[in-house]
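What follows draws every value from the coordinates through simple rules; no lab data is involved. As the structure is a computational prediction, the values presented were derived from the model and not from experiment. Every residue, glycine as well, gets a Cβ built from its backbone with ideal geometry; the counts of neighbours run over all protein chains shown.
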Amino acid sequence: MNAYLDLQKIGIVFPTARGPFRALQDINLQVAQGEFISLIGHSGCGKSTVLNIVAGLLDATEGYALLKGKEVKGPGPDRAVVFQNHSLLPWLTVYENVQLAVDKVMPGKNRAERRDWVMHNLRLVHMDHAADKRPGEISGGMKQRVGIARALAMQPDVLLMDEPFGALDALTRAHLQDSVMEIQAELGNTVMMITHDVDEAVLLSDRIVMMTNGPAATIGAILGVDLPRPRDRLALAHDPAYHALRSQVLDFLYNRQARPREAA
Amino acid sequence: MHAQALPLDGPVVEAAANAAVASQPPAIAPAVPPGGEPAAHRRPPNRERNRRIALTLLLPLLTFLAVLAGWSALQKTVAPELPTPAATWTHATSVLADPFYENGPNDMGIGWQLLYSLGRVGAGFGLAALVGIPLGFLMGMSVNVQRAFSPLIQILRPVSPLAWLPIGLLVFKAVDPSAIFVIFITCIWPMILNTAAGVKAIPQDYMNVAAVLKLGKFELARRILFPATLPYVVTGMRLSLGVAWMVIVAAEMLTGGIGIGFWVWDEWNNLNVPSIILAIAIIGLVGIALDLVMGLAQSRLDYTKR
Ligand SMILES: Nc1ncnc2c1ncn2[C@@H]1O[C@H](COP(=O)(O)OP(=O)(O)O)[C@@H](O)[C@H]1O
Ligand SMILES: [Mg+2]
């Protein structure tokens, strides 16, 4: 079987002061092109570790990840990451933060083309108006938008998002979720997103990957979300299918994988 | 180094404060009375502002007057060998009237003395920056460089830079390079240590961004390491310049020749106390000016202060 993104028997052991710590074991996952996948699980189970292995920021101890049939080795812009705390460079303007990525990824294009591409991606996330502001001058939600624009501008094969909305208030979070849904509908990105928010997972995903608690965390179950798109959060609030999915995730998290006693 | 690549779970503090601006729904925009500015931005009424300005000028003036009065009293009672404030003032105006006179190498105006001292501080400071900042970078980036140099720096840092003066005189056999050498030693420790601390303080997130973008070594240094570390580097430079200005006076007292420190010592040998009091005031003012310049550089270069 030829998946677009293919995680094969991935496991990782961290050397720690108290001896080796097995964080992940036997992670198998096949993601199709254009699919939106959420990883959900309790804090500390190993979601970020999975994402960082796909990003190439961490090396798996066992197994491997294949992207378009090729083994992932080290980080690269084909797997752009949106980090939880935006990680914009504070000495660069919004425009320059995206430009840094564009200049690096599209060295073949001329100046005007690259400029257009930066602005195009800022428009996608509705941040073109703040192009000349610095990260310190914009709100948390805006920073996260710019982080998404920077990742999109790399035209990645897979967009990796580590709790991209985790630090935002509910309203800002809803706006950004809608933006991400629109953009994904338009561009057809393949997305792997970490979340610990059940509603967010159901609303955005094609499939929800539910992880067991660590140590030696693995995939406990995968839930397909066959709600039609475009999805409207208000309409879904009254949709029994939505609530059924939601309670399935909740059941997994709170009955089958009750929160570990000393959660991080 | 990738092993620490995990973003943290849990809330990030900064977001909440600005969140209301982000979503921009007009109905719940931050509550500002229509037509009025938020209270915090309202200018104080003119009268209150004038009062504040008057006080910030008046109170320090009172302090200076008190010092003058104390000096006067001291001079009249227990220390008659001190000059009176009036005599000092008269002397100061005559010295400052012609700061750049030249009567041969051993008798030059106070302006020249200052310029020589500033020149030595500038040279020592510049050389220290050339050596200290790159070394600080290396120490911040490589544990082994850190291991190699840290003990040496820890031992040498608490030593008064003046202790190096004989070594300088021995090696260079001249006053100027020896004084510059002492300033170099003065400046280099804060520069190394601050730069290294700055590199170490670079958030892993920035390094992850660089990794995802596959920045090369040179680009990494230019686009990430250097700008991220700059605030620390400038802080180190500001600290070291302040100390250097104190050290140069002492160094020049020992080396002789020319320079504001030498001038102080020379006037002392001539028992010209008004000159010494004048020098104290001028050294202080130049110190403030140097710090202002560095403060200006800091506010221009430091992204956290913009
Ligand atoms: N570099 C590391 N060294 C040792 N242990 C680590 C390291 N990174 C993560 N871990 C451990 O692996 C587990 C999973 O971490 P993480 O992937 O961050 O969880 P999640 O993102 O699901 O909250 C945690 O127990 C964490 O302490
Ligand atoms: Mg995490």
Quick check on my link table: of A:Lys109/B:Lys200; A:Lys47/A:Lys143; A:Lys143/B:Lys200; A:Lys143/B:Lys214; A:Lys70/A:Lys143; A:Lys47/A:Lys70, which ones sit more than 26 Å apart, alpha carbon to alpha carbon? A:Lys109/B:Lys200; A:Lys70/A:Lys143
Could you derive backbone 3J(HN,Hα) for the stretch B:107-124 from the dihedral phi with the Karplus parameters 6.51, -1.76 and 1.60 (θ = phi - 60°), listing whole Hz in sequence and x where the residue is Gly or Pro? 9, 10, x, 5, x, 4, 4, 5, 4, 4, 5, 4, x, 5, 4, x, 5, x
Quick one: putting +1 on the C-beta of Lys and Arg, -1 on the C-beta of Asp and Glu, what dipole do you get for the stretch B:114-305 around its Cα centre, in Debye to the nearest 20? 780 debye
For the stretch B:77-144 and the stretch A:77-115, what is the centre-to-centre distance using only Cα atoms, to the nearest Å? 47 Å
What net charge is computed for the residues neighbouring A:Leu67, neighbours being all others with C-beta under 14 Å from the C-beta of A:Leu67, Lys and Arg scored +1, Asp and Glu -1? -1
Karplus (6.51, -1.76, 1.60) ³J(HN,Hα), θ = phi - 60°, over the stretch A:93-102, in Hz, Gly and Pro reported as x: 6, 3, 4, 5, 4, 6, 4, 3, 5, 5
Residues with amide H under 5 Å from that of A:Met161, placed H, sequence gap 5 or more: A:Val82, A:Met192, A:Met193, A:Ile194
As a test of the formula, what do you get for chain A when each DSSP H run with n ≥ 4 contributes -39,500 (n - 2.57) and the sum is divided by the residue count, at 222 nm and rounded to the nearest 500 deg cm²/dmol? -10500 deg cm²/dmol
Using amide H atoms built 1.01 Å from N in the peptide plane, name the residues 5+ places from A:Leu24, or on other chains, whose amide H lies under 5 Å from its own. A:Ile12, A:Ala216, A:Ala217
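Given contacts defined as C-alpha pairs under 8 Å and at least six residues apart, what's the relative contact order of the stretch A:33-74, whole-number percent?
Values: 22 pairs, mean separation 11.0, N = 42.
Rounded, it is 26 percent for the stretch A:33-74.
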Using θ = phi - 60° and the Karplus curve 6.51 cos²θ - 1.76 cosθ + 1.60, what whole-Hz ³J(HN,Hα) does each residue of the stretch B:288-297 get, with Gly and Pro shown as x? 4, 4, 4, 5, 4, 4, 5, x, 5, 4
Among DSSP beta bridges whose residues both lie in the protein assembly as shown, state the antiparallel percentage, nearest 5. 55 percent
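Normalised by the residues of the stretch B:114-305, what does the relative contact order come to in percent, with Cα pairs under 8 Å and at least six apart? Before the final figure, lay out the partial values.
Details: 222 pairs, mean separation 50.9, N = 192.
The value is 27 percent.
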What is the P(r) of the stretch B:114-305, as percent of Cα-Cα pairs per 5 Å bin from 0? 1, 8, 14, 17, 16, 14, 11, 7, 5, 3, 2, 1, 0, 0
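Taking Cα pairs under 8 Å and at least six residues apart, what relative contact order does chain A come out at, in percent?
Details: 488 pairs, mean separation 67.9, N = 264.
Computed over chain A, the figure is 26 percent.
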What percent of all Cα-Cα pairs in the stretch A:96-206 falls in each 5 Å bin, counting up from 0? 2, 11, 23, 24, 20, 12, 5, 2, 0
Long-range HN-HN contacts of A:Gly63 with modeled amide H, under 5 Å: A:Gly11
